[in-house]
Amino acid sequence: MTWGFRLTAAAGISFLVTILGALSTLRVKKLAFLRDRTDGRPIGGPALGLGIGCGLVTGMYAAVINPLVAGGAGLIFLLGLLDDAVDLSPWRKLIGQSIAAALATAGMGGMVAISIAGAHAAVGIGGLVLTFFWIVALTNAVNLIDGVDGLAIGVTLPAALGLVSAAAFMGNRSGGILGMIIIGGVVGFYPWNWARARLLLGDTGAELIGYLLAVASLQVFTAGERAFPILPALFFFSFPIADTVFAVVRRIYHHRAVFHGDRAHIHHRLERVIGCKNTVLLLSLLSILTTGIGVILWLRAA
């Protein structure tokens, strides 16, 4: 199989299976077994996970996706299912996410070096630690921004497209196929997630997207023993990272537990002023802009 065919096949399978899963969830009541605790809307994260999972199997068959990375994705998926079903404690979630991140780190080998303002610094054992924390942090950051219908996909889709563009520029097969699997799944799911959403991502879908984006960014940016570029990576995921930092600082300042949920996130504040759809549109456009800046910075450093 050619590189282009494998890429298209993985994305197409993820797209089609996600659509079929979403439609089945809406039409077969028994499949809508997970529901939001506040308004009872069905959680369609399992449909997205099924589509992405089929795409990952295709990628493993094509020998471009590491089995440990796929295993970590499976663990994140199961963890999200449990959390949506029984509301796991934050520490139990963190332990599960850490195991998944450790699997992915072992499968990829970790960062060799990091790049800040054009200067490269070898990190050694620290590269494994940084890789681990990047995956855990982005997994949670994407989950945190899933507080407004359609926002998580609207903000992360530009980043996924940017990663695929960078992978194509480098001829990076693993990063490119993983990025296309993400794109295929979220595009297939998005028609039912846009406000007012008929299907919610839940932790099942949001954490899976965050995990896979973290892994894809590592595979794309560090391909060929390259240094991980801190500044471009921050621009690719500027809103999820900024909102997470803002939430942590705010909760510490108010002497609240870091894991204590609230409705004071950036998107919640915007929603109260300009409404749900305008909030998603504004932040999605900003994500396109910041991802474009990240691509330019990455190209200049490449």
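Just so it is clear, none of the values below were taken in a lab; they were calculated from the coordinates. Predicted model, so just to flag it, every value in this text is computed and none were measured. No Cβ is skipped: glycine too gets one built from the backbone with ideal geometry, and neighbour counts run over all protein chains shown.
Highest mean packing first, where packing is the average number of other Cβ atoms within 10 Å per residue, the peptides 172-180, 252-260, 84-92 line up as 172-180, 84-92, 252-260. Stretching Val112 away from Val249 to a fully extended chain increases their span by 46.3 nm, per 0.36 nm per residue minus the current alpha-carbon distance. Remark: the Thr38-Leu299 segment gains 89.5 nm on full extension, using 0.36 nm per residue and subtracting the alpha carbon distance. Couplings for segment 185-202, taken from phi via the Karplus curve 6.51 cos²θ - 1.76 cosθ + 1.60 with θ = phi - 60°, read x, 6, 5, x, 8, 4, x, 9, 9, 5, 4, 7, 5, 8, 10, 9, 5, x Hz in order; Gly and Pro are left as x. As a proxy for reagent exposure, ranking Thr25, Thr290 by other Cβ atoms within 10 Å from fewest up yields Thr290, Thr25.
For segment 50-108, what is the convex hull (Cα atoms) projected area averaged across all directions, in square nanometres?
Here the figure is 3.9 nm², rounded to one decimal.
Each residue of segment 141-154 was assigned a 3J(HN,Hα) from its phi angle through the Karplus curve 6.51 cos²θ - 1.76 cosθ + 1.60 (θ = phi - 60°); the sequence is 5, 5, 5, 5, 7, 7, x, 9, 3, x, 6, 4, 6, x Hz, with glycine and proline shown as x.
When the chain is described by a simple charge dipole with +1 on each Lys and Arg Cβ and -1 on each Asp and Glu Cβ, the residue from Leu48, Ala197, Val17 located farthest towards its positive end is Ala197. Take the Cα of Phe133, step 7 Å toward its Cβ, do the same at Asp262, and the gap between the two points is 2.4 nm. Between amide H atoms placed 1.01 Å from N, distances below 5 Å from Phe228 occur with Val112, Ala113, Ile114, Ser115, all of them 5 or more places distant or on a separate chain.
At 0.890 mPa s and 25 °C, plugging the Kirkwood radius over alpha-carbon pairs of segment 3-301 into Stokes-Einstein gives what diffusion coefficient in µm²/s? Approximately 129 µm²/s, per Stokes-Einstein. For Gly210, what charge total do you get from the other residues with a beta carbon under 12 Å from its beta carbon, if Lys and Arg give +1 and Asp and Glu give -1? Residues close to Gly210 contribute a combined charge of -3.
What you get for segment 155-302, charging only the Cβ of Lys and Arg (+1) and of Asp and Glu (-1), is a dipole of about 340 debye around the Cα centre. Remark: the chain carries a charge dipole of roughly 400 debye about the Cα centre, counting +1 on each Lys and Arg Cβ and -1 on each Asp and Glu Cβ.
A simple rule links phi to the HN-Hα coupling: the Karplus curve 6.51 cos²θ - 1.76 cosθ + 1.60 with θ = phi - 60°, which for segment 260-270 gives 6, x, 7, 10, 10, 5, 4, 5, 5, 5, 5 Hz, with x for Gly and Pro. At full extension, Ile99 and Arg27 could sit 22.4 nm farther apart than now, given 0.36 nm per residue minus the alpha carbon distance.
Considering only Gly72, Ala101, Gly275, and ranking their Cα positions along the charge dipole of the chain that arises from unit charges at the beta-carbon of Lys, Arg, Asp and Glu, the one farthest toward the positive end is Gly275.
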